[in-house]
1. Could you say which residue among W133, W191 is without any contact (Cβ under 8 Å) to a residue 24 or more places away in the chain and in contact with a Pro (Cβ under 7 Å, 6 or more places away or on another chain)?
2. Considering (1) over 30 Å from R118 (Cα atoms); (2) modelled with pLDDT of 90 or more; (3) among the polar types (S, T, N, Q), say which one N3 fails and leave the rest.
3. Looking at F137 and the list (1) more than 17 Å from N24 (Cβ to Cβ); (2) crowded, with 22+ Cβ neighbours inside 10 Å, which single condition is not satisfied?
4. Residue by residue through segment 188-222, note down the ones that are assigned to a loop (DSSP other than H, G, I, E, B) and under 20 Å from L93 (Cβ atoms).
5. Check M156, M161, M117, M126 and return the single one that is over 13 Å from the mean Cα position of the chain (by Cα), of a type outside the set (S, T, Y), crowded, with 16+ Cβ neighbours inside 10 Å and part of a helix (DSSP H, G or I).
6. Restricting attention to segment 141-160, does a residue exist that is under 19 Å from I78 (Cβ atoms), acidic (D, E) and touching a residue at least 24 places away in the same chain (Cβ under 8 Å)?
7. Just the residues that are surrounded by 21 or more Cβ atoms within 10 Å (Cβ to Cβ), under 13 Å from N20 (Cα atoms) and in contact with a helix residue (DSSP H, G or I) (Cβ under 6 Å, 6 or more places away or on another chain), please, taken from segment 92-110.
8. Would you mind stating whether I201 is over 26 Å from I25 (Cα atoms) and either among the hydrophobic types (A, V, I, L, M, F, W, C) or modelled with pLDDT of 95 or more (or both)?
Amino acid sequence: MLNYARAELKQSAKTRLNGNWGLNIVVVLFVVAIPAVVLGIVDGVLQLCAALTSEVGSDGGAALISLLSSLVNLGATILFLGPLTVAYNWFSLVFMRGQTPDYIYPYRTAFSEVNYMRFMLTYFMMQLFIFLWSLLFIIPGIVKSFSYAMTPFILMDHPEMEWKEAITESRRLMDGHKGDLFVLYLSFIPWLLLTCLTMGILLIYVTPYMQMTVANFYRGLKEEDIGVTRALPNQTM
């Protein structure tokens, strides 16, 4: 069991976010909302083209456009959204450690010459492994997603590690703590329900809150791993 209670992790995240909500909302818009909207528009246009092509009797053309839509989504996820997701984890951890990165930090980090391939491969391999485990049954896939959850943070603390070493280290850190992270996510269900009621608008608040809490969870794991006593809720380090 992690040394820190869920309430402590969440309160520490909220305390750090106080006075910095504007920055975090802008980052969420840049990293999550805008890419999702752009990809949704592109996918919508391609699906409309497929429907129109099918209406004029070209089922083969419609199938080809649908395939193109799937490839665009897959390519955008692997080549763009994946590295950006890893970089957003870095932003959260840097922020929770007391620094205040600028709003373009995730883009600058994700698409730098040093990080891009490392981020892309890490995200791709994580998703591939989770998918393969899910083929056995849905539960193994969920369990592995929690095992790998700390991988992006580990990449930051261990620049010498590539994807394989980072995933292995995440599995080690999460040994005995997957249930803790699962329950932590469950505690956000009321917020996610409210997000649905607001047609997703509340995500600009919930996303940084959740992300900073998970970054705090990682900090707690690291402190526990090296034997640091309970300092997390009252300091940013």
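The values are calculated or read from the model by the stated rules, or taken from the named source; none is laboratory data. Predicted model, so just to flag it, every value in this text is computed and none were measured. FYI the Cβ positions are ideal-geometry reconstructions off the backbone, even for glycines, and counts take in every protein chain you see.
1. Details: W191 fails: in contact with a Pro (Cβ under 7 Å, 6 or more places away or on another chain).
Exactly one residue qualifies, and that residue is W133.
2. (2)
3. (2)
4. Across segment 188-222, the qualifying residue is only F188.
5. On the way: M161 fails: part of a helix (DSSP H, G or I); M117 fails: crowded, with 16+ Cβ neighbours inside 10 Å; M126 fails: over 13 Å from the mean Cα position of the chain (by Cα).
Of the residues listed, the single one that is over 13 Å from the mean Cα position of the chain (by Cα), of a type outside the set (S, T, Y), crowded, with 16+ Cβ neighbours inside 10 Å and part of a helix (DSSP H, G or I) is M156.
6. Within segment 141-160, none of the residues are under 19 Å from I78 (Cβ atoms), acidic (D, E) and touching a residue at least 24 places away in the same chain (Cβ under 8 Å).
7. S92, M96
8. Details: over 26 Å from I25 (Cα atoms): no; either among the hydrophobic types (A, V, I, L, M, F, W, C) or modelled with pLDDT of 95 or more (or both): yes.
No.
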